[in-house]
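Reviewing the structure listed below.
The values are calculated or read from the model by the stated rules, or taken from the named source; none is laboratory data. What you are looking at is a predicted structure, and each value in this text was computed from that prediction instead of being measured. Note that each Cβ is placed from the backbone with ideal geometry, even for glycine, and that neighbours are counted across all protein chains shown.
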Amino acid sequence: MAAMVRLLEQTDGIVEDSYQRKNVAEQERLNEFAASVKIQAWFRGSRIRCYMKHLNRSATVIQKRWRGFMGRQFFRLYVKNCVLVMKLNFYNLQATKVQKVWRGYYVRKYVFNYYSRKRYLEALVVKNEIIRNELEEYAEQQEQNRRRQKEAKEKSTQERLARKYHYLISTHVIPGVFNSPFQPFPSEMEYALASVKPLVHKRRAVSENPYDPGWSSYGHELPKAPQLPPLVNKPQYSMPERKQGPFRMPDEVQRQRYKSFQPSLRVATSFTALEEARERMKAEEWVTRINDDIFVPFTKRDSQYEPLLHTTSSYGHLPYGTRYFREEFLDRHVTRMVSPSDPYKVYYVPFKTVVPPIPVFEKLNDTYSQGQV
């Protein structure tokens, strides 16, 4: 009983002590939980970092192995291609050397034979000498012809002068100016005057109307108008300052009225003058050729000569050098024009083949008379 009472007296201390221990344990439990969480976080972080490092190292090794394998495979293919290209270049170089040697041999022996070319040039030199001699003879003949024409012209001029000055010939009583008595012999002009007849001028037939050139053709057929009475106040035609209007001189008015036909540049020029000039130029170039013989190689006399590519074709002989000397595209003779409404719009129009007339030249000598014959 006494023990029970003693225990009951110590109950309050035990309870307080248990609560205090419980609070201390709770406080320590929270600290230990935070410490355990921190330890677990560090441990797990360390383990994850080690694992990630292991994975990165493993991935690096795998990538290294794979890239090395692919690089070696690509390098083998690259080396194989390089060797193939090197062999092709070597074979092409050898083939080029073989072709060069063969073509040089073939050309020297069959195409451009040295001895045949030498004979051709020698024949060309002889032909040139012959042509030069002929040209010199032709030039000498032309010079002789020009000299004869000049002498004939001088003789004709001297004869006309002698006929013109025939009145200066000497007589039995009075010597002429070309027959001086102080000289032993007369001059050559004196003999020329004695050998020709005097110059006689033909008189022109005076027409009934001196101003009308067509009076003789129709003047006798048409009825003549009655003669008008004379003017009382006749204008003075001799005034030099009156050069226009009705007071011109009659002969000037008549000449202006019946003037000759004056064609314009457009009418006087032929429409095909350019083509005709080109044809004449081509004909002259074709005529002036020196040698028309075809060059035949020395080693191919028995075989047929193969003409050049630009002078023949499967469709016949090309007319190069006989009909034309350069390509002409008449449809391409156009000029570039810019649209006035849209400056970015460009169009092409063909060239005009005929030059339009010039208004100033068309009005030349047409300022007075209206009726022209």
- Query: So which of Tyr120, Tyr115, Tyr110, Tyr78 is at pLDDT below 90 and out of contact with any helix residue (DSSP H, G or I) (no Cβ under 8 Å at 6 or more places or on another chain)?
  - Reply: Tyr120
- Query: Are any of the residues in the range 197-220 at pLDDT 85 or above and not aliphatic (A, V, I, L, M)?
  - Reply: yes
- Item | Unique residue being under 60 Å from the mean Cα position of the chain (by Cα) and either assigned to a helix (DSSP H, G or I) or loosely packed, with under 10 Cβ neighbours inside 10 Å (or both) when the list is Leu7, Leu30, Leu88 | Leu88
- Query: Out of curiosity, is Glu159 at pLDDT below 95 and under 41 Å from the mean Cα position of the chain (by Cα)?
  - Reply: no
- Item | Only one of Ala139, Ala123, Ala152 that is under 30 Å from Lys197 (Cα atoms) and part of a helix (DSSP H, G or I) | Ala152
- Note on the structure: Glu190 fails exactly one of (1) acidic (Asp, Glu); (2) in a loop (DSSP other than H, G, I, E, B); (3) modelled with pLDDT of 65 or more, namely (2)
